[in-house]
Each structure stands twice: as structure tokens, then as C-alpha cells.
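Bear in mind that the values in this text are calculations on the coordinates, not laboratory data. Predicted model only: the values in this text are computed from it and were never measured. Every residue, glycine among them, receives a Cβ derived from its backbone with ideal geometry; neighbour counts consider all protein chains shown.
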């Protein structure tokens, strides 16, 4: 069993406190530390928002300028739409540890989502120049043996998506939505703290229930 350094232990303690001023002291944490943060996500979250299907933006742009249209998944895949916080203005220069843990967890379990006819789409709010560092800190940049994010990453530089979903909160509250193959929002959860978000286990269970209704 790996023993955390003093800095790592302190980071984990502040990580579970919230997404505001209680951030990790540095974004450069180890993969085991990211997994420890992810272990605090909710395994049985109850949906806490009602979201009309027409409230969910459909068209996005990825970092390369390519269009990603959620409507293109209709009839083919369920969609797990995840909105991370971006890089909060306060404190500046530090990513939400839960967001780093979430992108890592979703990347390493992506095959389980594909088995359930689901595609993940992750929205990164705010300045796009922060995205490469987000991937590096989340250990999903494809460098030094790290996996590379296999699902679409899209941008919300002007926060129009965040405002449409009513989740603004420097920059966004951590939020997760599941859309069925018809484009209906069947699950919506908006978190208030860094670990207040569904675990991978919870999302897979929601997809299993959705697929069982066929």
C-alpha cells in the first residue's frame, strides 16, 4: 500500500472540503492520489435537477475547431455529458481536484461506457489555453505512459453552455447529465463541492437501468 507524502496527505484533506478556496496546493498529484479523490464520489447519487431536453446545448467545438453535435449520437448512443469547473479564478492557477480525478476515472474506464452504448462528452469552460495543463495534471495527456482521453473534449469559452444549464459558479459547478438515444435528459446531477459528483460506478448503474428499459 502506497504511503502518501505529507503534501499529498494535506492535498487530499483539502480536496474533499470543496471546490472553492479548498483546492489542492498543486495540480501535480500522483495517479493514486487522483484515485483516492475519486473514491469519495457518490456511488448512489439521486438526480437533483430537472433539465428539459431543449435546455441542453447540442453543438460544441473541440480544441481543434471541429464541430461536435450531440444530435449525431441519437439512435446510436446514450450520452454522458460532463461539465467540469475549468480553472477557477479563485484561487487562480489551481484545478479542482475532483475534476482532475473525474477526467482520469472516466478515461481509464471508458471501455465500460462503450459496452453500454454510451459516449462521454466533457465540457471544459473558460479559456481553452488551460486545457493542456488540465490533461497533464489529470494524468490523461498520453505522455510518459499516461492514457489519452478517448472521448470528445469540447470548449465553452464564453460560458454560454454553463449559463444555459444554470450551473455558473466560478466557472461552473461540476455537473453530469445522461441523455438517452432519443436525446432525452434522464439523469441530471449538479454538485456543490469537489467530490459532490457521481462515481463511475453510479454512472454505469444508471446506464444499465436505462438500457434495461428497452
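When the helix-only estimate is applied to the chain (DSSP H runs of n ≥ 4, each -39,500 (n - 2.57), divided by the residue count), what is the mean residue ellipticity at 222 nm, nearest 500 deg cm²/dmol?
Numbers: 7 runs with 61 residues, N = 214.
Taken over the chain, the calculation gives -8000 deg cm²/dmol.
Here each label is just a point 7 Å from Cα along the line to Cβ, and for residue 90 and residue 48 those points are 2.1 nm apart. Highest GNM mean-square fluctuation among 52, 38, 71, for the chain modelled with Cα contacts below 10 Å: 52. Relative to the longest principal axis of the C-alpha atoms of the chain, give the angle of the C-alpha long axis of helix 200-212, reported between 0 and 90° and rounded to the nearest 10°. Computed tilt is about 10 degrees.
Only Cα pairs under 8 Å and 6+ residues apart enter the sum, and on that basis the relative contact order of the chain stands at 30 percent. Look at 90, 189 and count the other Cβ atoms within 10 Å of each Cβ; fewest to most, that gives 90, 189. So what's the gap between the Cα centers of region 159-200 and region 64-118, to the nearest angstrom? About 11 Å separates the Cα centre of region 159-200 from the one of region 64-118.
Between the Cα long axis of helix 97-108 and the first principal axis of the chain there is an angle of about 60°, rounded to the nearest 10.
Once the Cα atoms are used to define both axes, helix 6-15 deviates from the longest principal axis of the chain by about 40 degrees. Using the Cβ-Cβ distance between residue 111 and residue 71 with R0 = 22 Å, the FRET efficiency computed as 1/(1 + (r/R0)^6) comes to roughly 0.35. For region 23-132, averaging the sequence separation of C-alpha pairs within contact (under 8 Å, six or more residues apart) and dividing by the residue count gives a relative contact order of 35 percent.
Calculate how many DSSP beta bridges within the chain are antiparallel, expressed in % of all such bridges and rounded to the nearest 5.
On the way: 16 of 27 bridges.
Roughly 60 percent of the DSSP beta bridges within the chain come out antiparallel.
Evaluated at q = 0.13 Å⁻¹, a Debye calculation over the C-alpha positions of region 6-212 (equal weights, vacuum) places log10 I(q)/I(0) at -0.65. The simple spin-label model puts a point 7 Å past each Cα toward its Cβ; for residue 128 and residue 208 those points are separated by 3.9 nm.
Fraction of C-alpha pairs exceeding 13 angstrom in region 174-214: 56 percent, rounded to a whole number.
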